[in-house]
Amino acid sequence: KKTPKDEIAKRVQTMLELVRLDGFGKRMPDQLSGGQRQRVAIARAAINDPAILLLDEPLGALDLQLRRQMQVELKHMQQQLGMTFIYITHDQEEALNMSDRIVIMNEGEFEQIGTPEDIYERPQTRFAAQFIGSTNFIAAKVKSADADGMLALSFADGTIQAFDAQKRYGAGDDVLISLRTERVQYGEECKGGFDLEGTVKEHSYIGGTRRTVIELASGQLINVTGFRPEVYKEEGERVCVYWNPRHAHIVEGGVG
């Protein structure tokens, strides 16, 4: 690009420092680790100061620990460079950890655009809800709706509540709610207008937390994640299931 040699040397040194490879400029590719090669590739793409940098699964070939380390370094680099990174990934954790804004695509169409918190906590469609994180889907009918968007719902297994932020639904409407597994609570007694009972089907330990499956009378399974020893119930015991209604969101994309 006809950049003066002294300017090239200066910019190369600045970029090497940015990707934490100061002193590695004379090394051959076979003298670099996988993570170091990845940093060089990013430095080569960023050195011309593009308005937008497209990264297509840049960390996919790295092991878990190195990938997490590189996630932190890429965020730091993006903030220092001040340029827009479009980061393509199929890794949910990576998308949530690294992004200021997430686009979920489905068959070439934008399914939902929002902050990581919006995407995870307030999914708009069934596809978005199941693509990011673990969730329960419950099909129900609206019994009543108040002025704040709080809904009382009925379905085969009892009475539950959910939140309609857009206030689009009223009595008699069929809806599908998405409820994140870590938002589900259970115990000996139902709370907050809930009348939903089930049987603990199984527990499994998944590294620092516990996954519990509760089977409702209709056969529907409710998945719960969380380590709450004070409410632990053995397999086969009856429990009441409930949640904060504001954590249950109406989603589009089919009922049931």
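The values are calculated or read from the model by the stated rules, or taken from the named source; none is laboratory data. Quick caveat, the model's predicted, so the values are computed rather than measured. Glycine gets a Cβ as well: all are built from the backbone with ideal geometry, and neighbour counts include every protein chain shown. The accessibility values were calculated without ligands, DNA or RNA, using every heavy atom of the protein model including side chains. Shrake-Rupley method; radii C 1.70, N 1.55, O 1.52, S 1.80 Å.
So the values come out like this:
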| quantity | calculated |
| --- | --- |
| Check on Phe194, more than 30 Å from Leu96 (Cα to Cα) and open to solvent by 10 Å² or more (accessible area, probe 1.4 Å) | yes |
| Residues located in the stretch 63-81, provided they are in contact (Cβ under 8 Å) with a residue 12 or more places away in the chain and of a type in the set (A, V, I, L, M, F, W, C) | Leu66, Met70, Leu74, Met77, Leu81 |
| Subset of the stretch 192-227 (residues that are out of contact with any Gly (no Cβ under 9 Å at 6 or more places or on another chain), farther than 20 Å from Ile177 by Cα and at pLDDT below 85) | Ile206, Gly207, Gly208 |
| Matching option when the condition is surrounded by 14 or more Cβ atoms within 10 Å (Cβ to Cβ), under 22 Å from the mean Cα position of the chain (by Cα) and not charged (D, E, K, R), among Val200, Val224 | Val224 |
| Residue that is nearest to Pro58 (Cα to Cα), among those in the stretch 82-104 that are open to solvent by 60 Å² or more (accessible area, probe 1.4 Å) and free of Cβ contacts under 8 Å to residues at least 24 places away in the same chain | Glu93 |
| Residue under evaluation Val142, criteria (1) within 25 Å of Glu235 (Cα to Cα); (2) buried (at least 18 other Cβ atoms within 10 Å of the Cβ), criterion not met | (1) |
| Count of residues meeting criterion [modelled with pLDDT under 90 and of a type in the set (Lys, Arg)] in the stretch 169-191 | 1 |
| Within the stretch 204-219, considering residues that are crowded, with 16+ Cβ neighbours inside 10 Å and hydrophobic (A, V, I, L, M, F, W, C), the one farthest from Thr159 (Cα to Cα) | Val213 |
| Qualifying residues in the stretch 128-185 (those that are in a strand (DSSP E or B) and polar (S, T, N, Q)) - the one farthest from the chain's Cα centre (by Cα) | Ser144 |
| Whichever residue in the stretch 37-58 is free of Cβ contacts under 8 Å to residues at least 12 places away in the same chain and in contact with a helix residue (DSSP H, G or I) (Cβ under 9 Å, 6 or more places away or on another chain) and, among such residues, is most open to solvent (accessible area, probe 1.4 Å) | Arg44 |
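Results for (1) in contact with a helix residue (DSSP H, G or I) (Cβ under 8 Å, 6 or more places away or on another chain); (2) at positive phi; (3) β-branched (Val, Ile, Thr), shown as yes or no for each residue.
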{"position": "Lys143", "(1), (2), (3)": "no, no, no"}
{"position": "Tyr169", "(1), (2), (3)": "no, no, no"}
{"position": "Gly172", "(1), (2), (3)": "no, yes, no"}
{"position": "Arg180", "(1), (2), (3)": "yes, no, no"}
{"position": "Tyr186", "(1), (2), (3)": "yes, no, no"}
{"position": "Val200", "(1), (2), (3)": "no, no, yes"}
